[in-house]
């Protein structure tokens, strides 16, 4: 279809600590440099978030809500210790499959492209053909042009600080830089597979660029901010030492083992991470057990912090197999469940099928039926949240972005500005926070 | 967490030496072990016999496999790989296991990676170095005691005591282990294993210009629509500017034809299946890996006379053409039986589906245009010739 040319403008007028007015608007023509909108805005009274000024996000990988918070016995710390300390969002949904599009939605509100929903095996520049409603970039590719903004741009403009902490980034300096680690534009992304230990890299390198959304925006990588703020996780300890050294927005991506992406968590031979750890929820739980206490003990968190633990996407899918003419086709189907009226965006279709040819006699079809990334759940901890809170209000990654933007009083990017999308509200924050 | 096992302490033996000095002392004695033929049952074979430094620590001639044992007449089953460039960068053997079962299925690019030897069965060099000491087609020692006795008689026995302690010979197993660790240090530290003196290195440093044919060859080599060689034999500099190693250490199943020069291949029931045996034992149950061998570095490849794990080809031109024409003109590579070409004949019939059809140019089918024309093959050969280090001698026929 011919792309619509336009630009969505959403702005939250944040006033005081009591209430704000949300203006949900349409879009103005491309190049329009005004914050008003072409159509009348709907006024919606929403409560202002509490006086949070430090947000910490830890994103884990590929687990369904039913597994993480239901049947699994591998995450006792998350379920037994952290959930009772804060709020469990039982209807929190991912926004896509298979990984990268989720991360991008969390910090920019941009929806999937054909490439980001396939994890951008090549670090291709985004070929922009237009911008449509809700600021959605139309085109193909991975690395958004400078005019497509992300949360760090907003925070910097508003005078807030941010840093993204990527575990393992730069462990192998031949693989990626220790700051702003990405391969050259249009090159094959060599970080798609974890690197096991070697004599030259004794710890191995399980950094994955596709789990680092910050490198997919020219508005970040073309500035010194990227080297300064997209750093190895080993910088976090020092940064947590004082309020003044702790960024207002902290995004933490564990390595491919510590985020649960790799390994089944059992410790069975051949079913763990490339370092030999069991992986899965077992190892991500250990990661949380290492880092969450440090965060919760930091002066910045104690002062006005919010910790969010979420998952990029769910992993639940169904399998069918069919054979014909000597060719076996195994079809894996993600339901792609979503919430909150999530929109598809201009660049992909649903249902969508990706085909992976393994041999002349075997093919895998990966089918995604719906627009979403299925239900994952999320956990929030803060002094502004009553321990033991459980909210069944539907949220997704766009809600997360909107909530963070509201906290820092900046406008809503992309689908964070979707009409009617609810930020975390009174179901999450204790009333004393309002 | 695995351990590299490299952190052994030597300070007790040389308490005043710095860590660097101690390490270098170990490497120095490791060099003596590496070049010592007296450690073999024949008394005539050292590590360097097959891994000749004059030939990039690869084979000195075009024998598909080399022979060892007490009389140097017991043939091996695989070609000798070069030891240059890869040793310190070879990751432990691994195969990513995503927790998501769906991702495990569709991630066709996620393949086993790393480990030493063609089948990746050793994670460390000291582990790898132990095997030829006892392997029948190689140094063929009867047991650890036999090696320890030879070490005790070696002219560098005093150096072993100096580095590892006066009591190092008290335990046969202990001294052999220490000697292997020393070999490992030599292989990791000695500059002769990574000289970076090829024309291609000079080109990367802006100190040389590729000829038109070499430059075209580099382009065909790298282009995914042409040779696609660079997909595994990585040719782009690292993020830190480090020069490429021409391998990504991944495993692949190119289905190289059976090599009847190898005596073991005379037995129709014998198949060298790489990851799933017979030399590697722990993955025998994983039939998907059968026929897969680790991608070797192509540095110094033009100086070799033996290619692929079984040494089936003896010219680089043949090896490149195999990639281009395997499925377009299979009759040029595979034998006929009852008039029909037996495709992928070095795999058992039930496992011939493991032959790589995913990675170009192996995706092409009979009747398709070749990925490279004859002229482009010559260009690729010209480029590959730029990967030869300044000190390397061409292998003998």
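Taken together, the values in this text are just the output of simple stated rules run on the coordinates, not laboratory data. It should be emphasised that the depicted structure is a prediction, and the values quoted were computed from it without experimental measurement. When we count neighbours, we look across all protein chains shown, and the Cβ atoms used for this are built from the backbone with ideal geometry, even at glycine.
Some points to look at:
- Ordered by the count of other Cβ atoms within 10 Å of each Cβ, fewest first, A:61, A:157 give A:157, A:61.
- Residue order for A:189, A:172, B:143, fewest other beta carbons within 10 angstrom first, comes to B:143, A:189, A:172.
- Extension reserve of the residue A:294-residue A:322 stretch, reckoned as 0.36 nm per residue once the Cα distance is removed: 5.0 nm
- Mean residue ellipticity (222 nm) of chain A, computed from DSSP H runs ≥ 4 via -39,500 (n - 2.57), nearest 500: -4000 deg cm²/dmol
- Highest-MSF residue in chain B out of B:42, B:303, B:242 [GNM, Cα springs under 10 Å]: B:242
- Tensor-based shape of the protein assembly as shown (alpha-carbon gyration tensor, a/c under 1.5 rounded, otherwise prolate or oblate): prolate
- Of the peptides B:189-199, A:374-384, the order by per-residue mean of other Cβ atoms within 10 Å, starting with the highest, comes out as A:374-384, B:189-199.
- Most mobile of A:254, A:360, A:293 in a GNM of chain A (Cα contacts under 10 Å): A:360
- The mean count of C-beta atoms from other chains within 10 Å of the C-beta of residues in A:363-373, rounded to a whole number, is 1.
- For chain B, calculated [θ]222 nm from helices alone, where every DSSP H run of n ≥ 4 adds -39500 (n - 2.57): -8000 deg cm²/dmol
- Packing around the peptides B:319-330, B:153-164, A:82-93, A:202-213, taken as the average count of other Cβ atoms within 10 Å per residue, puts them in this order, highest first: A:202-213, A:82-93, B:319-330, B:153-164.
- Share antiparallel - DSSP beta bridges, the protein assembly as shown, percent rounded to 5: 60 percent
- FRET efficiency, 1/(1 + (r/R0)^6) with R0 51 Å, evaluated for residue A:128 and residue B:284 via beta carbons: 0.45
- For the pair region B:50-94 / region A:259-282, the C-alpha centres are spaced 34 Å from each other.
- With contacts taken as Cα pairs under 8 Å at a separation of at least 6 residues, chain B carries a relative contact order of 21 percent.
- Mean separation of Cα contacts under 8 Å, 6 or more apart, over the residue count of region A:45-203: relative contact order %: 15 percent
- Per residue of peptide B:237-244, the mean number of Cβ atoms on other chains within 10 Å of the residue Cβ is 5.
- Protection-proxy order for peptides B:177-187, B:128-138, each taking the mean of Cβ atoms within 10 Å per residue, highest first: B:177-187, B:128-138
- Each Cα pair under 8 Å and six or more residues apart adds its separation to the average, and for chain A the resulting relative contact order is 27 percent.
- Test item: A:185-198 mean partner chain Cβ contacts at 10 Å: 5
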